[in-house]
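First the structure, in the form of C-alpha cells, and then the observations on it.
Quick note: the coordinates plus some simple rules give every number you see, no bench work behind them. Remember, predicted model here, so these are calculated numbers, not experimental data. Here the Cβ positions follow ideal geometry from the backbone for every residue, glycine too, while neighbour counts run over all protein chains shown.
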Amino acid sequence: MHCGLCLPQCPTYALTGLEKSSPRGRIRLIKAVADGDLPMTQGFIDEMNFCLDCQACETACPAGVKYGALVESARAQILQQGYEQRFSALAKKFFFRWVFSRHNRIRLLASLLKFYQKFGFQWFFQKSGLLKLVSRRLHDIQGLAPAISEKSSTEVYSEIVSSRGETKYRIGFLSGCIMDVAYADVNIDTVELLRNHRCEVIIPKAQVCCGSLQAHHGDMEVARRLAQTNIEAFSRFDLDAIVINSAGCGAFMKEYVHLLKDVPVLATKARELSAKVRDITEFLTELSYHRESHRAKAAGIRGKRVTYHDACHLVHTQKISKQPRDLIRSVQGIEYVELPESTWCCGSAGIYNITHYDDSMKLLERKLQNIRTVKPDIIVTGNPGCLAQIQYGLAKEGMKVELMHTATFLRRASET
Ligand code: SF4
Ligand code: SF4
C-alpha cells in the first residue's frame with residue numbers, strides 16, 4: 001500500500017508534486033474519510049475531482065490495487081451525500097441523467113451544435129472574442145467540441161447490416177453517443193471493416209449510452225439503469241461478439257459484470273454480455289487481420305510516418321496496447337514510429353477538459369511536445385475524447401498532422 005511505484009506514472013502528481021494529488025495520497029484520503037478520521041471537506045472533494053481516472057496507477061501498481069473503483073465510490077459518496085457544488089451537480093444531472101440517457105436527446109443537442117458550427121456562430125465567437133466578455137472559460141472550451149457529422153451513423157445504417165459475401169460472425173455494435181453524432185465516419189469505417197471480414201453487424205435500435213460517464217462521476221444509479229437497457233437491447237440477438245470502437249465505452253461494458261453482480265435477475269446476462277465485449281482492435285486481431293497482407297494503397301497513407309497514442313481506457317483499463325500497434329504495422333508501405341509517453345493521458349478524460357481546462361491543457365501541451373519530437377504525418381488513436389482533445393491542440397498550435405481513429409486508418413489504408 002505504501003511502495004509509491006504509482007507516483008511517477010500519475011499525471012496529476014506530475015502537475016503538482018503533492019502527495020495528496022497522487023494515487024497513494026488519494027487512497028489514504030479515501031480511507032480516512034471512510035473510517036471517519038477525516039470529515040468530507042471541500043479539499044477532499046476537489047482532490048477526487050482533480051483525478052483524471054486515467055488508471056495509469058493501476059497499470060503501475062504491483063499489488064493490483066483497484067484504484068478506479070475506489071475513486072468512483074468516493075465520488076458516489078460525494079454525490080449521494082449532496083456535497084457536490086449546486087451548479088456543478090445541476091449541470092451533471094442535466095447532461096448525464098437527462099441528455100445522455102436517450103439517443104434522441106443526444107441527437108437534438110447535436111443538431112443545435114451543428115447549427116452553431118455550420119452557420120458560422122462558432123467561427124464568429126472564436127474570432128471576435130465576444131464570448132470572453134461573458135466568460136473566459138466558455139470562450140476557451142467552445143473550441144473543444146468536435147465537428148458534428150452531417151448524418152449520425154444510426155441514420156446511415158438500419159438495425160441489421162449484412163456482411164459482404166459469406167457470413168461467419170454475427171456482431172453487435174455499440175454506436176455510442178458522441179461517436180454516433182460527431183464521429184459517424186469512424187463508426188462507418190468500423191462497420192465496413194467488419195462487413196469486409198464476414199461479419200453481419202447488428203446495431204440494436206434500443207441501445208443507449210453505455211453509462212461510463214455517469215459512473216465515473218459517481219452516478220451509479222443511472223449507470224446501472226443504462227447498463228440494464230443495453231443488456232436487454234443486445235441480448236435480443238444471438239451474437240458472437242459485441243464490438244466497440246470507443247475505449248471508455250468498451251472498458252465500461254466489460255465492467256457490467258461487476259456493476260450488476262448483486263442484481264439477481266441481471267447478473268447472469270451482464271456476465272454474458274461483458275464476456276462478449278471486444279474493442280475493434282481486439283476483435284480484428286482475433287480474426288488475424290494483422291497477419292493478412294495489407295499494402296497501403298491510399299495516397300494519404302502510403303509512405304507516411306505514423307504514430308499511435310494510447311487511450312487510457314484502452315491501455316490501462318482494458319490492457320490493450322499490442323493489438324492496435326500490430327494492426328497499424330501490418331500495413332506495408334508506412335513508417336511506424338513509437339510516440340514517447342504514448343500512455344500518458346492527453347488531458348481529455350471524459351469531461352475533465354471542461355471541468356479542469358487549465359490542468360487539461362498542461363497535459364495536452366506535454367502530449368503535443370512528444371508529438372513534435374517524432375514529427376509524424378499521422379497520429380492514430382482509439383477514443384473519441386482523445387480525438388477531440390488532440391485535434392484541438394493540433395489546430396491551436398497550427399500543427400500539420402493528421403489525426404485518425406484506428407478503424408479509419410485501417411479502412412483508408414486499404415482504399416485505392
Ligand atoms: S497504490 Fe499500488 S503502486 Fe501505489 S503506493 Fe499503493 S501499492 Fe504502491
Ligand atoms: S487515475 Fe490517473 S490521475 Fe488519478 S491517481 Fe491514478 S494515475 Fe493519477
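In table form, for the structure just shown:
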{"read-out": "Debye, to nearest 20: dipole size of the chain, +1 on Lys, Arg Cβ, -1 on Asp, Glu Cβ", "value": "620 debye"}
{"read-out": "Two-site FRET efficiency, V265 against S158, from Cβ-Cβ distance with R₀ of 35 Å, rounded to 0.05", "value": "0.70"}
{"read-out": "The chain, relative contact order in percent, only Cα pairs under 8 angstrom and at least six apart counted", "value": "14 percent"}
{"read-out": "Global size of segment 231-298 as Cα Rg and Dmax, reported in angstrom", "value": "14.9, 52"}
{"read-out": "For segment 353-406 and segment 252-326, distance of Cα centres in Å", "value": "21 Å"}
{"read-out": "Where Rh is the Kirkwood radius over Cα pairs, Rg/Rh for segment 40-88", "value": "1.04"}
{"read-out": "Lys/Arg +1, Asp/Glu -1 at C-beta; segment 185-271 dipole; positive extreme among H197, L266, F237", "value": "L266"}
{"read-out": "Label-to-label distance, nm, for residues given as D140 and D240 (7 Å Cα→Cβ offset)", "value": "4.8 nm"}
{"read-out": "Rg to Rh, two decimals, where the chain supplies the alpha carbon set and Rh follows Kirkwood", "value": "0.95"}
{"read-out": "Residue exposure sequence - T317, T373 - by fewest surrounding Cβ within 10 Å", "value": "T373, T317"}
{"read-out": "4 °C / 1.567 mPa s Stokes-Einstein diffusion coefficient of segment 270-376, Kirkwood radius on C-alpha pairs, µm²/s", "value": "83 µm²/s"}
{"read-out": "Cα-derived Rg to Rh of segment 161-317, Kirkwood definition", "value": "0.99"}
{"read-out": "Column: log10 I(q)/I(0), Debye, Cα scatterers of segment 203-243, q = 0.15, 0.21 Å⁻¹", "value": "-0.37, -0.64"}
{"read-out": "Largest to smallest principal axis extent of the C-alpha atoms in segment 82-232, angstrom", "value": "60, 39, 19"}
{"read-out": "Whole-angstrom gap from segment 1-23 to segment 115-129, using each part's C-alpha centre", "value": "40 Å"}
{"read-out": "Descending semi-axes in whole angstrom, ellipsoid equivalent of segment 74-166, from the Cα gyration tensor", "value": "31, 25, 10"}
{"read-out": "Sum of side-chain charges, G250 neighbourhood, beta-carbon under 9 Å (Lys, Arg +1; Asp, Glu -1)", "value": "0"}
{"read-out": "Label-point separation, R295 to D358 (7 Å along Cα→Cβ), nm", "value": "5.5 nm"}
{"read-out": "Residue (of I106, W123, L138) at the positive-pole extreme of segment 94-157, dipole from beta-carbon charges", "value": "L138"}
{"read-out": "Sorted peptide list for 115-128, 348-361, 234-247, 148-161, criterion being average Cβ within 10 angstrom, highest first", "value": "234-247, 348-361, 148-161, 115-128"}
{"read-out": "Most fluctuating residue given options P11, P146, P264, as computed from a GNM of the chain linking Cα atoms under 10 Å", "value": "P264"}
{"read-out": "Neighbour-count ranking [beta-carbon atoms within 10 angstrom, fewest first] of E58, E397", "value": "E397, E58"}
{"read-out": "Per-residue Cβ neighbour rank within 10 angstrom, fewest leading, L363, L138, L394", "value": "L138, L394, L363"}
{"read-out": "Kirkwood Rh in Å, taken over segment 1-149 so that all alpha-carbon pairs contribute", "value": "18.2 Å"}
